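The values are calculated or read from the model by the stated rules, or taken from the named source; none is laboratory data. Everything numeric here is computed off the predicted structure, so don't read it as measured data. Every residue, glycine as well, gets a Cβ built from its backbone with ideal geometry; the counts of neighbours run over all protein chains shown.
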Amino acid sequence: MVQRPPHEPRLLAGGNPQIPKGDGPAVVRAYLDAMPGWKRDVGRHLDTLVVRTVPDVRRAVRWNSPFYGVEGNGWFLSFHCFARYVKVTWLNGSSLDPLPPGVSKHAHVRYLDVHEDDVLDDELLGSWIRQAVDLPGDPLF
């Protein structure tokens, strides 16, 4: 068994970091820093884009995933590492135009799967972020 330093998060299935529940930029930064390989670049890119688009964004980690929201309006975005992609979850995605491509069993949720060689469309992502913060978010917790 490989020993990890006590401060290094364990990676769960698909390389998703196991980060304790918490609120604020520091806990999200710990998640981003623990993302493996190319996924770390995707996570940092998404985080930077959200913070640049929504300077007063609320950040938290729940269920080993970072969440982004607006105080008093709920959560609009999360993401999670899987073995071959990062799944971006738009919690109010069914109201975005154009719709994110991934469907969900939850009526309001849509997904965007980002694979290693994908080029992110910052213009489209920025548009979805701007739309999402103006919509009622998910209260989740």
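Would you point out which residue out of Ala13, Ala30, Ala26, Ala60 is at pLDDT 95 or above, under 26 Å from Glu116 (Cα atoms), of a type in the set (A, V, I, L, M, F, W, C) and surrounded by fewer than 14 Cβ atoms within 10 Å (Cβ to Cβ)? Lay out the reasoning, then the answer.
Values: Ala13 fails: at pLDDT 95 or above; Ala30 fails: surrounded by fewer than 14 Cβ atoms within 10 Å (Cβ to Cβ); Ala60 fails: surrounded by fewer than 14 Cβ atoms within 10 Å (Cβ to Cβ).
Unique residue meeting the criteria: Ala26.
For Glu71, the conditions (1) modelled with pLDDT under 95; (2) buried (at least 18 other Cβ atoms within 10 Å of the Cβ) all hold with the exception of (2). Here Asp97 meets the list (1) free of Cβ contacts under 8 Å to residues at least 12 places away in the same chain; (2) over 19 Å from Arg44 (Cβ atoms); (3) charged (D, E, K, R) almost entirely, failing just condition (1).
Only one residue in Asp138, Asp117, Asp121 is touching a residue at least 24 places away in the same chain (Cβ under 8 Å) and charged (D, E, K, R). Which one? Steps first, answer last, please.
Values: Asp117 fails: touching a residue at least 24 places away in the same chain (Cβ under 8 Å); Asp121 fails: touching a residue at least 24 places away in the same chain (Cβ under 8 Å).
Asp138 is the lone residue from the list that is touching a residue at least 24 places away in the same chain (Cβ under 8 Å) and charged (D, E, K, R).
Answer yes or no: is there a residue in the range 88-100 that is touching a Phe, Trp or Tyr at 6+ places or on another chain (Cβ under 6 Å), under 15 Å from Trp128 (Cβ atoms) and among the charged types (D, E, K, R). Scanning the range 88-100 turns up no residue that is touching a Phe, Trp or Tyr at 6+ places or on another chain (Cβ under 6 Å), under 15 Å from Trp128 (Cβ atoms) and among the charged types (D, E, K, R). Starting from residues that are without any contact (Cβ under 8 Å) to a residue 40 or more places away in the chain and either over 10 Å from the mean Cα position of the chain (by Cα) or more than 15 Å from Ile19 (Cβ to Cβ) (or both), keep the ones in the range 46-56 and report whichever is surrounded by the most Cβ atoms within 10 Å (Cβ to Cβ). Here the residue is Val51. When Pro98 is tested against the conditions (1) more than 15 Å from Lys39 (Cβ to Cβ); (2) surrounded by 12 or more Cβ atoms within 10 Å (Cβ to Cβ), the lone failure is (2). Listed by first and then second residue, the pairs with beta-carbon distance under 6 Å, at least 6 apart or on different chains, first residue in the range 66-86 and of a type outside the set (A, V, I, L, M, F, W, C), second at pLDDT below 95 and surrounded by fewer than 18 Cβ atoms within 10 Å (Cβ to Cβ), are Gly74/Pro139.
Please go through the range 62-81 and pick out each residue that is over 12 Å from the mean Cα position of the chain (by Cα) and not aliphatic (A, V, I, L, M).
Of the range 62-81, the ones over 12 Å from the mean Cα position of the chain (by Cα) are 70-74.
Of everything in the range 62-81, those that are over 12 Å from the mean Cα position of the chain (by Cα) and not aliphatic (A, V, I, L, M) turn out to be Glu71, Gly72, Asn73, Gly74.
Can you spot a residue in the range 114-122 that is of a type outside the set (Ser, Thr, Tyr), exposed (fewer than 15 other Cβ atoms within 10 Å of the Cβ), modelled with pLDDT under 95 and over 18 Å from Ser65 (Cβ atoms)? Checked against the condition, which is being of a type outside the set (Ser, Thr, Tyr), exposed (fewer than 15 other Cβ atoms within 10 Å of the Cβ), modelled with pLDDT under 95 and over 18 Å from Ser65 (Cβ atoms), the range 114-122 yields no hits at all. All conditions in (1) in contact with a Cys (Cβ under 8 Å, 6 or more places away or on another chain); (2) on the phi > 0 side of the Ramachandran plot hold for Asn64, with the sole exception of (1).
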